[in-house]
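Each value in this text was obtained by applying a stated rule to the coordinates, not by laboratory testing. Everything numeric in this text was worked out from a predicted model, so none of it was measured. Here the Cβ is made from the backbone with ideal geometry for all residues, glycine too, and neighbour counts use every protein chain on show.
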Amino acid sequence: MDAGRWGGRRTAAVLSVAALAGTAACSSTATTGSTSLTSPSSPGPAGASTPADAGTSAASSASAGGGGSPSASASTAGSSAAPAAGSVVPLAVYSAQGYDAVVTKAFTKATGIPVKLTDDSTGPLLTKVAAERNNPQWGVLWVDGDEAFAALDKQGQLLPYTPTASFTAVGKALVPADRSFTPASTTAVPALMYNAARVSAVPTSLQDLLGPAYRGKVGMNDPSQSGPTYPLIAGIMNQLGGQSGGVAAGEKYLTAMKANGLQVFPTNGDTLHALETGRIEYGLIQSSAAAGEVAKAPRTAQFQAKVVYPPKSTLLPANLGIDKGASPAQQAEAKKFIDYVLSPAGQKIMQTGDPSGDSLFWPVVSGVTALPAAGQFPAAYQKLDPYFWGPLESQVNTFFDTTIK
């Protein structure tokens, strides 16, 4: 998730998923019991501390802002079921989820399989995966969005797997035809958050935001820093013009938004802070970050957070993929991990591990109910084709950097 101290899927620096290239992020590891947690963190605004697109872990704090000196944290998976050291190959999990430490700990307790968790923001994790392409060090990748997974699939780096879980209709729609990656949950973009204490106008369409009532009052995240924001922009483009004309239509729309005073902030957390302090009155962000703000922000005479969705929101799934180059032992453990995450026990832990952030997802597994604070699932939604939109990320982000920011 991406949201500074307000919660949300985390991405400090979004890669071009078409390239998936770069150098691995620095990190340090501390080990306790049978689970080791590698967790780079980065300094940020005072008080900024949660799992967010800045790359904080459940056990370490960071801002929604980017690089800095690394720090180490540890998660203990201590269990009598854990095997003796060296008898089982540890499962290497690269994850950007706010609840990943508690999930991996519970997985170890349930199965006896030790886990080496590298918890970071999506961008550095994808950089690490790309740098390790010829010598992969991961068994499972667990991040938001499917564009990066589509790129890895095209490169032949993912092992197809059909989990034992039964998916909802939404979940089935998110499973790729070749089953090269697996959705564990979903959120949506954009959620439009507004301060009902200060404004009465509520937009009913994207075009409404171009009107005079919204001039200088709307903010959004920077797709070059915020993981959920490229899918948000791609979703707008797809909605306005489809695959044939969506990029041009989206660029025209964003240019009009800028002319109407659009303000751009690094991440969900920064956008929400601008909303809380009155710098903006409306913010386009990820649904889980919006739900977290509604759930925990005190209602005052000056601030009342509310959320609406445009006529068609874009699904943003949190996916799991298995490294095709991992050892047979790690691949077998990775399959067990995916089945555990999708099990009733795994889904319950996901919903308790980050209750005002990443836990506010909508389930894609049959029989699982969303937390009340997650809000109602959008009445209308779209699923992007990651194999089409993924390779366009660098082009779209460059346009945004040079024209909109």
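Values computed for the structure shown
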{"read-out": "Estimated dipole of region 131-235 in Debye, rounded to 20 [Cβ of Lys and Arg +1, of Asp and Glu -1, Cα centre]", "value": "280"}
{"read-out": "Cβ-based net charge around Ser224, under 11 Å, with every Lys or Arg adding one and every Asp or Glu removing one", "value": "-2"}
{"read-out": "Label point at Val202 placed 7 Å out along Cα→Cβ; residues across region 359-375 whose backbone nitrogen lies under 19 Å", "value": "373-375"}
{"read-out": "Karplus 3J(HN,Hα) series, Hz, for region 181-195 with 6.51 cos²θ - 1.76 cosθ + 1.60 (x for Gly, Pro)", "value": "8, 10, x, 10, 5, 8, 10, 9, 9, x, 9, 9, 8, 9, 9"}
{"read-out": "Lys116 long-range amide H proximity, modeled H, under 5 Å", "value": "Ser36, Leu91, Ala92, Val93"}
{"read-out": "Computed over region 229-320: relative contact order in percent, which uses C-alpha pairs under 8 Å that are six or more apart", "value": "23"}
{"read-out": "Distance between region 224-245 and region 310-380 - C-alpha centres, whole angstrom", "value": "22"}
{"read-out": "Total formal charge among the other residues, if their Cβ is under 13 angstrom from that of Ala373, Lys/Arg +1 and Asp/Glu -1", "value": "-2"}
{"read-out": "Residue-count net charge about Val102 - beta-carbon cut-off 14 Å; Lys, Arg +1, Asp, Glu -1", "value": "-1"}
{"read-out": "Under Karplus coefficients 6.51, -1.76 and 1.60, residue-wise ³J(HN,Hα) of region 163-174 in Hz, glycine/proline x", "value": "x, 7, 5, 9, 9, 5, 4, 5, x, 4, 5, 8"}
{"read-out": "Built amide H within the under 5 Å cut-off of Ala318, gap 5+", "value": "Gly145, Ala184, Ser185, Thr186, Thr187"}
{"read-out": "Nonlocal amide H pairs with Ser366, under 5 Å, H built at 1.01 Å", "value": "Ser166, Phe167, Thr168"}
{"read-out": "3J(HN,Hα) from dihedral phi, region 379-395, Karplus parametrisation 6.51/-1.76/1.60, rounded to Hz, x for glycine, proline", "value": "5, 10, 8, 10, 10, 6, 7, x, 6, 8, 7, x, x, 8, 4, 4, 4"}
